[in-house]
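Below is one structure; the comments refer to it alone.
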Protein chains: 2
Amino acid sequence: MTTLDLSADAVTLTEQLVNIESVSGNERAIADAVEVALRALPHLTVTRRGDTVVARTELGRGERVVIAGHLDTVPLNDNLPARREDGVLHGLGTCDMKGGDAVILRLAATVPEPNRDVTYILYEAEEIEAEFNGLNLLAQSDPGLMVADFAILMEPSGAIVEAGCQGTMRVDVTTVGERAHSARSWKGVNAIHGAADVLTRLNAFEERRPLIDGLEYREGLNAVFIAGGVAGNVLPDECVVSVNYRFAPDRSEAEAEQFLREFFDGYEVTVRDSAPGAVPGLGLPAAKAFVEAVGGEVRPKFGWTDVARFSALGVPAVNFGPGDPMLAHKQEEHVPMAHIETCERELRRWLGGES
Amino acid sequence: MTTLDLSADAVTLTEQLVNIESVSGNERAIADAVEVALRALPHLTVTRRGDTVVARTELGRGERVVIAGHLDTVPLNDNLPARREDGVLHGLGTCDMKGGDAVILRLAATVPEPNRDVTYILYEAEEIEAEFNGLNLLAQSDPGLMVADFAILMEPSGAIVEAGCQGTMRVDVTTVGERAHSARSWKGVNAIHGAADVLTRLNAFEERRPLIDGLEYREGLNAVFIAGGVAGNVLPDECVVSVNYRFAPDRSEAEAEQFLREFFDGYEVTVRDSAPGAVPGLGLPAAKAFVEAVGGEVRPKFGWTDVARFSALGVPAVNFGPGDPMLAHKQEEHVPMAHIETCERELRRWLGGES
């Protein structure tokens with residue numbers, strides 16, 4: 001088993017974490033290493049559930065914050081081991097999100113008496129179906145461990161606070177027709193031709209850009225799949241357009257569905273999956289204090305992240321981690337070492353640790 | 001081996017042929033039975049190529065006609081053996097086209113001295129790729145056996161002459177875009193949305209209805225497949241619309257392609273397959289005489305059939321067989337016994353046989 005050296009700097013620790021391959025479903029080794037390292041710290045109470053490790057200070061502070069990062073990565077793409085070059089660390093998981101995990105481990109080891117109680121969560125299976133997600137499982141098995149006044153997810157956000165997140169809903173819009181031999185097409189109704197209207201409506205979509213807590217969100221409505229066809233000589237009787245709606249967090253899932261049903265009025269609309277957004281919650285004291293502590297710059301988050309899980313539990317949450325979110329899941333994934341250092345420094349200061 | 005009884009009536013003979021299963025690729029048994037039965041007739045010269053059997057009279061008449069039918073069927077669909085009910089014969093191949101094959105065998109056996117020389121062709125693999133088609137192979141191996149002044153294909157046509165056939169061309173029309181995460185869709189270009197214009201053009205297609213030899217043909221332009229999509233959270237960079245153009249036989253394949261390239265101007269158009277139409281050729285003496293002999297009623301043929309192969313060889317050809325062409329390839333395929341009897345009676349009279 002790899003022994004993690006929590007006295008090393010956060011970049012070196014990131015490198016160690018990256019070199020423990022942990023594609024979703026294969027997090028045992030990294031979770032073991034993390035658990036052993038955290039259990040060695042007498043000021044933390046450690047709980048393990050599956051391959052999710054939770055470490056808490058229990059100092060009786062007036063406020064508790066969660067700082068969380070997932071341990072898994074998307075599949076290998078010939079991008080291990082980690083490689084340093086010109087102030088940048090390259091490799092699978094450097095950006096999404098072992099740089100953030102290293103920051104968590106460094107804070108856990110070096111801030112034994114934070115000014116607010118901290119629950120560090122390093123969890124499994126964020127990159128796959130929600131049913132396996134470590135935070136999701138923890139909220140079911142040990143809801144008490146999720147309780148907090150505020151949560152920070154170390155998702156890559158360019159070391160700047162990204163607040164809230166947009167919701168996402170996928171629906172199938174189905175057009176129907178009537179089969180006929182293509183040599184006698186007047187005897188049928190072509191369902192693919194019927195999809196012209198669906199696509200024309202999508203082209204006419206006007207994005208909402210609501211301002212929420214001072215942040216401008218920007219919606220999107222896009223066909224992500226289209227499929228129809230029976231045989232090369234048959235007019236198809238069905239065409240399915242799969243549409244992904246990314247909606248600003250001032251809209252609930254029910255409102256999003258209602259909007260889609262009106263938008264595609266006249267067609268069969270089936271909801272395939274859905275996840276709510278998260279309002280930034282920047283008016284809440286804990287969030288406000290955090291944003292001020294790390295410099296005041298905040299951007300809206302467009303992609304969906306686990307902040308929505310905390311939001312659903314009533315815990316305001318933000319993304320704040322090293323790395324460019326656009327590089328997540330890319331073969332050439334990498335992280336500027338300075339991002340890792342910035343995140344560690346600012347979080348340590350906020351927790352009242354020595355700088 | 002089943003022994004075919006050519007002295008039986010044509011309906012009984014149809015039943016015998018239907019009960020020799022002969023899905024494309026499995027025509028050996030039926031071709032053996034047909035070959036043995038035809039070789040027993042001293043007035044015919046028989047040639048076998050693969051599972052195609054050719055039998056010719058060689059009486060030195062001033063005119064030669066081909067009468068042809070394929071021996072294969074589409075796949076079984078729980079529709080064998082043959083079953084009689086209320087003047088109708090049910091089962092795989094009854095309509096497409098063993099009723100016609102039975103008429104051919106009856107004529108071969110019972111009209112030893114026709115008033116025009118006849119080449120009877122019973123061939124393999126009409127229902128699958130053209131490269132296996134028995135007529136296609138015969139035209140290559142023994143072009144002399146295809147020479148004739150006129151050809152009759154026993155394809156189901158409701159026992160009425162169906163003349164000519166429309167051409168068919170399949171093209172892929174491709175729209176291109178630029179991938180982006182659906183949470184930040186303004187960074188990409190959605191290729192599925194781009195297909196709205198392709199489908200709108202298809203909806204605006206105005207069919208040509210040219211009059212050729214007094215018959216009105218009716219074109220069709222239809223999307224038969226559509227496909228696009230990368231992942232549930234990605235704007236796709238490509239969408240392919242597969243379009244089938246059925247064109248009247250006054251238009252060549254080159255003209256059809258030219259039309260499609262202009263119609264989809266601005267998009268990548270790739271021809272996937274193509275087959276020429278066949279003009280009815282009803283002005284030609286042999287065709288004219290045949291139509292008059294069988295009652296004068298002629299309809300245009302919309303679907304593509306092997307008459308186009310004869311047409312390409314300079315041989316005017318028509319479809320004239322028992323059964324409703326709309327029932328071909330259907331599970332509930334069947335043929336009215338009266339159609340079989342009508343076709344046999346009219347062809348026998350035309351060939352100068354005893355009625």
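The values are calculated or read from the model by the stated rules, or taken from the named source; none is laboratory data. Because the structure is predicted, anything quoted here is derived from the model rather than measured. A quick note on method: Cβ atoms are made from the backbone with ideal geometry, for glycine too, and the neighbour counts reach across all protein chains shown.
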| message | Is it the case, given these coordinates, that residue B:220 is at pLDDT 95 or above, more than 26 Å from the chain's Cα centre (by Cα) and surrounded by 19 or more Cβ atoms within 10 Å (Cβ to Cβ)? | response | no
| said: With the structure loaded, tell me whether residue B:272 is within 14 Å of another protein chain (Cβ to nearest Cβ), closer than 16 Å to residue B:174 by Cβ and not hydrophobic (A, V, I, L, M, F, W, C) or whether it fails that test. | reply: yes
| task | Return the pairs, sorted by first residue and then second, in which the second residue is assigned to a strand (DSSP E or B) and polar (S, T, N, Q), the first residue lies in region A:165-187 and is touching a residue at least 60 places away in the same chain (Cβ under 8 Å) and more than 7 Å from chain B (Cβ to nearest Cβ), the beta carbons are less than 6 Å apart, and the residues are 6+ apart or on different chains. | result | A:169/A:274; A:172/A:242; A:172/A:270
| Which number in (1) closer than 30 Å to residue A:282 by Cα; (2) facing another protein chain (nearest Cβ under 7 Å) marks the one condition that residue A:217 misses? | (2)
| Looking at (1) outside the structural domain of residue A:152 (by TED's automatic domain parsing); (2) over 25 Å from residue B:236 (Cβ atoms); (3) charged (D, E, K, R), can you tell me which one residue A:292 breaks? | (1)
| task | Kindly check whether there is at least one residue in region A:33-55 that is polar (S, T, N, Q) and more than 26 Å from residue A:147 (Cβ to Cβ). | result | no
| query | If you go through region A:98-127 one residue at a time, how many are closer than 16 Å to residue A:321 by Cβ and either modelled with pLDDT under 95 or of a type in the set (D, E, K, R) (or both)? | reply | 5
| query | Out of region A:288-318, which residues are within 22 Å of residue B:182 (Cα to Cα) and touching a helix residue (DSSP H, G or I) at 6+ places or on another chain (Cβ under 6 Å)? | reply | A:298, A:302, A:303, A:306, A:309
| Of these, A:277, A:232, A:303, A:281, which one is of a type outside the set (Phe, Trp, Tyr), crowded, with 18+ Cβ neighbours inside 10 Å and facing chain B (nearest Cβ under 9 Å)? | A:303
| said: If I filter region A:201-211 down to residues being touching a strand residue (DSSP E or B) at 6+ places or on another chain (Cβ under 8 Å) and under 12 Å from residue A:300 (Cα atoms), which single residue comes out as nearest to the other protein chains (Cβ to nearest Cβ)? | reply: A:209
| residue A:227: free of Cβ contacts under 8 Å to residues at least 12 places away in the same chain and within 9 Å of chain B (Cβ to nearest Cβ), yes or no? | no
| note | Just one listed residue, out of A:78, A:32, A:72, A:51, is modelled with pLDDT under 95 and not aromatic (Phe, Trp, Tyr), and it is A:78
| Does residue B:286 satisfy the criteria of being in contact with a strand residue (DSSP E or B) (Cβ under 7 Å, 6 or more places away or on another chain), modelled with pLDDT under 90, more than 14 Å from every other protein chain (Cβ to nearest Cβ) and surrounded by fewer than 22 Cβ atoms within 10 Å (Cβ to Cβ)? | yes
| Long-range neighbours under 6 Å by Cβ, at least six apart or interchain, first residue part of a helix (DSSP H, G or I) within region A:121-133, second among the aliphatic types (A, V, I, L, M) and crowded, with 18+ Cβ neighbours inside 10 Å | A:132/A:125
| query | Restricting attention to region B:212-219, does a residue exist that is out of contact with any Cys (no Cβ under 6 Å at 6 or more places or on another chain), of a type in the set (Lys, Arg), part of a strand (DSSP E or B) and in contact (Cβ under 8 Å) with a residue 60 or more places away in the chain? | reply | no
| request: Kindly indicate which of B:104, B:20, B:67 is without any contact (Cβ under 8 Å) to a residue 40 or more places away in the chain and surrounded by 18 or more Cβ atoms within 10 Å (Cβ to Cβ). | output: B:20
| said: Just to be sure I understand, how many residues within region B:184-193 are in a helix (DSSP H, G or I) and either surrounded by fewer than 21 Cβ atoms within 10 Å (Cβ to Cβ) or within 30 Å of the chain's Cα centre (by Cα) (or both)? | reply: 3
| task | Could you tell me whether residue B:158 is under 30 Å from residue B:116 (Cα atoms), more than 7 Å from chain A (Cβ to nearest Cβ) and surrounded by fewer than 18 Cβ atoms within 10 Å (Cβ to Cβ)? | result | no
| task | Identify all residues within region B:284-316 that are among the charged types (D, E, K, R) and more than 21 Å from residue B:139 (Cα to Cα); write none if there are none. | result | B:288, B:292, B:297, B:299, B:301
| All positions within region B:150-163 that are more than 11 Å from the chain's Cα centre (by Cα) and either outside any strand (DSSP E or B) or without any contact (Cβ under 8 Å) to a residue 40 or more places away in the chain (or both) | B:158, B:159, B:160
| remark: Per the list (1) away from chain B (no Cβ under 11 Å); (2) at pLDDT 95 or above; (3) surrounded by fewer than 21 Cβ atoms within 10 Å (Cβ to Cβ), residue check on residue A:240 breaks on (1)
